[in-house]
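As structure tokens, the structure follows; a few thoughts come after it.
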Number of protein chains: 2
Amino acid sequence: MTCLAENPHLEATGESSRGFAPVRFAADGLTAQRSSRHLAITPKYGRGPCEVDVRYLWCGAPDAPTLIVQGGISADRDVTSLDPAGNPGWWQALVADGAAIDLARWRVLAIDWVSPQELGADAVSSEDQADVLAALLGELGIGKVHAFVGASYGAMVALAFAARYPDAVDRLLLLAGAHRPHPMATAQRSVQRGIVRLGQSTGEVDQALALARQLAMTTYRGSDEFARRFSSEPAWRDGRFHLPVEDYLENAGRRFVERFDAERFLGLSESIDLHQVAPEQVPTATTLIGFPSDRLVPLADLCELQQRLLGRTTLEVVESPYGHDAFLKEPELLAPLLREALA
Amino acid sequence: MTCLAENPHLEATGESSRGFAPVRFAADGLTAQRSSRHLAITPKYGRGPCEVDVRYLWCGAPDAPTLIVQGGISADRDVTSLDPAGNPGWWQALVADGAAIDLARWRVLAIDWVSPQELGADAVSSEDQADVLAALLGELGIGKVHAFVGASYGAMVALAFAARYPDAVDRLLLLAGAHRPHPMATAQRSVQRGIVRLGQSTGEVDQALALARQLAMTTYRGSDEFARRFSSEPAWRDGRFHLPVEDYLENAGRRFVERFDAERFLGLSESIDLHQVAPEQVPTATTLIGFPSDRLVPLADLCELQQRLLGRTTLEVVESPYGHDAFLKEPELLAPLLREALA
């Protein structure tokens, strides 16, 4: 792994008060880098070594041990907010000064996932993402991370990371992610990619990406949650009936298109389906967190993962109506589990 | 309900030996009409009374009591095979001479669902289908049916029928269908319709309809079934990875496009989502059959239906890996339940 980084990195400090737990950077002596590094890896599905700019956030107590924190394919490096005037991070409720992942105690590192386009490869693997993270650790002078906290695709990459760099991580915290995708979830993502390709071939990429996101939402959320929220009557509008759940889905689709790119979506969605890690090659102590309402990552797959992992493994089962998205929607339930697993 | 029928109807007799249970028509003195009638109904979402040609199959023992048998939105009147040289009916294993729905003992009536296009209406309701069936009964001189056996959408229409014509049916046998669609299933169908509309607006109707069917297949089948069948490695082909489940889905999509029309699909899919029957208005004795692996019609909805139905109701729970499609895939498990419920 050659590190070619020459990019400057920015020191950003500030004070934030958004979200579940307020984050104060400068006031509490916390530090934050939100920058990028030019790294080289050899992608699994590429044609030899290649270079890529990796965008990262590294923030928290300056001399504290580092935790890697990664989410799903649509999450980014902004796991927590740096800019008091900006949006909260995607896991602001759990990653903040005083939160379960306490920035006064830990330093958190997160990257924007790399896409096949950025790698110039046919596809991007969870191993590639792990290699990018390992190269970045080298670049930042981090010999070992205290934990890799990964949710959804982040959990898959965490397993790939621990299998490839067992000496670089002390423990894994994996939420709603396993050693392989479930074939039913693969089927659902395959249809999402088919929709996007149909949009690309007909010049309606935005509409198609929105529809693919609508479909994704039906897999992220819980069945009981939908039953509770969307039971009202259909409304006749614009020449057809609109059902309550449709308005919700259409809104979710539109918002996704504003922030996401079709090619990037295709590459990262496929990366989930290409993911395979032999749990027997992961010696790291692991805490698994699963949700019985998760339609995408069935609890049975986490049970199998627990049985097959080489290292000491705990499985925590969290009841929630929110399905796969419980890792985003249940910070109060997750906080004590994360605190304990990191202790 | 005015009956305007003037169409001739054909008497078809023959001998069949395809499927799980061979059907012999002429040899056993069975009779079959495969014909159409011109009927009038007043559609719920229409602009007054309208006329429609309804295609039906009525076959079995000539003087036996009639059973209505209806399946899902993609099923047709050919519940059993008439033509020895043709394809078997969609429920051949259960509807045949000597089968659980024994044509030597019963006379089975089934229709092709009517679409909004055929009605000239904005949408077609499950009540409209019930009205069509009631008008057809009048036309054929059937005062009362021994049972309405409905699966999936057929179960929804059976409930609408019993609520509107309680004196025209003695009992209901409902498989994998309830008094309302589940909002999660509505969400999934809504995306399917969005795909088809995207195809219509871009001139790629066939490709879109195939994709919609692929998505539908992920809702019809069981998660464990997919896990067992599709666990092999992806293959690189035509410039991208193909996952084992994708080949299965693509084949299912292609086959559907060969036999189904996009407008008809849109209308019947929407009809499921507009369906609402108050179980308290159904006085008929009912047997419900549900499958715990059914992702489209959760067992909890059948439990609620059982509690709310006015008539005496039994709920039979059948374990199967096949999800919603268990009503098609488990004839051996269903046969004794159907026999008993019809007795």
Item to complete: Could you give me the residue pairs with C-beta distances under 9 Å whose first residue belongs to region A:251-264 and is more than 12 Å from A:VAL205 (Cα to Cα), whose second residue is aromatic (Phe, Trp, Tyr) wherever it lies, and which are 6+ apart or on separate chains?
Response: A:PHE256/A:PHE265; A:ARG264/A:TRP113
Response to the item:
(1) in contact with a helix residue (DSSP H, G or I) (Cβ under 7 Å, 6 or more places away or on another chain); (2) acidic (Asp, Glu); (3) facing chain A (nearest Cβ under 9 Å); (4) surrounded by fewer than 17 Cβ atoms within 10 Å (Cβ to Cβ) all hold for B:GLU263 apart from (3)
Item to complete: Quick one: which residue in B:PHE256, B:PHE327 is away from every other protein chain (no Cβ under 14 Å) and aromatic (Phe, Trp, Tyr)?
Response: B:PHE327
Worksheet item: Limited to region B:109-129, what total is found for residues that are in contact with a Phe, Trp or Tyr (Cβ under 7 Å, 6 or more places away or on another chain) and either within 14 Å of chain A (Cβ to nearest Cβ) or part of a strand (DSSP E or B) (or both)?
Response: 7
Practice prompt. Answer yes or no: is there a residue in region B:164-180 that is away from chain A (no Cβ under 11 Å), touching a Lys or Arg at 6+ places or on another chain (Cβ under 9 Å), hydrophobic (A, V, I, L, M, F, W, C) and over 21 Å from A:VAL196 (Cβ atoms).
Written response: yes
Item to complete: Name the residue, out of B:LEU299, B:LEU334, B:LEU243, B:LEU309, that is within 14 Å of another protein chain (Cβ to nearest Cβ) and at pLDDT 95 or above.
Response: B:LEU299
Worksheet item: Just wondering, is there one or more residues in region A:167-178 that are in the same structural domain as A:VAL95 (by TED's automatic domain parsing), part of a helix (DSSP H, G or I) and at pLDDT 95 or above?
Response: yes
Discussion item. Which count do you get for residues in region B:92-142 that are touching a Cys at 6+ places or on another chain (Cβ under 8 Å) and under 22 Å from B:LEU268 (Cα atoms)?
Written reply: 4
Worksheet item: Only one of these conditions is not met by B:VAL245: (1) assigned by TED's automatic domain parsing to the domain that holds B:LEU173; (2) out of contact with any Gly (no Cβ under 6 Å at 6 or more places or on another chain). Which number is it?
Response: (1)
Worksheet item: Taking the stated definitions as given, is A:GLY199 in contact (Cβ under 8 Å) with a residue 60 or more places away in the chain, outside any loop (DSSP other than H, G, I, E, B) and facing chain B (nearest Cβ under 8 Å)?
Response: yes
Worksheet item: In this structure, does B:GLU280 turn out to be out of contact with any Cys (no Cβ under 7 Å at 6 or more places or on another chain) and away from chain A (no Cβ under 11 Å)?
Response: yes
Worksheet entry | Any hit, region B:218-235, residues being farther than 27 Å from A:ALA210 by Cβ, more than 9 Å from every other protein chain (Cβ to nearest Cβ), surrounded by fewer than 17 Cβ atoms within 10 Å (Cβ to Cβ) and touching a residue at least 40 places away in the same chain (Cβ under 8 Å) | no
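Here is a yes/no grid of residues against (1) more than 30 Å from B:MET217 (Cα to Cα); (2) at pLDDT 95 or above:
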{"residue": "B:ASP63", "(1), (2)": "yes, no"}
{"residue": "B:THR66", "(1), (2)": "yes, yes"}
{"residue": "B:ARG77", "(1), (2)": "no, yes"}
{"residue": "B:PRO88", "(1), (2)": "no, no"}
{"residue": "B:ALA121", "(1), (2)": "no, yes"}
{"residue": "B:SER126", "(1), (2)": "no, yes"}
{"residue": "B:LEU137", "(1), (2)": "yes, yes"}
{"residue": "B:ILE142", "(1), (2)": "yes, yes"}
Discussion item. Please verify whether A:SER232 is among the hydroxyl-bearing types (Ser, Thr, Tyr) and outside the structural domain of A:LEU328 (by TED's automatic domain parsing), treating the condition exactly as stated.
Written reply: yes
Worksheet item: Does any residue of region B:130-145 turn out to be within 14 Å of chain A (Cβ to nearest Cβ), in a helix (DSSP H, G or I) and touching a residue at least 12 places away in the same chain (Cβ under 8 Å)?
Response: no
Worksheet entry | Restricting region A:202-217 to residues that are among the polar types (S, T, N, Q) and more than 23 Å from the chain's Cα centre (by Cα), the residue that is nearest to the other protein chains (Cβ to nearest Cβ) | A:THR202
Item to complete: Kindly check whether there is at least one residue in region B:284-291 that is within 25 Å of B:ALA147 (Cα to Cα) and in the same structural domain as B:ALA227 (by TED's automatic domain parsing).
Response: no
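The values are calculated or read from the model by the stated rules, or taken from the named source; none is laboratory data. Fair warning: this is a prediction, and the values are worked out from it, not measured in the lab. Please note: Cβ atoms are built from the backbone with ideal geometry, for glycine as well, and neighbour counts cover all protein chains shown.
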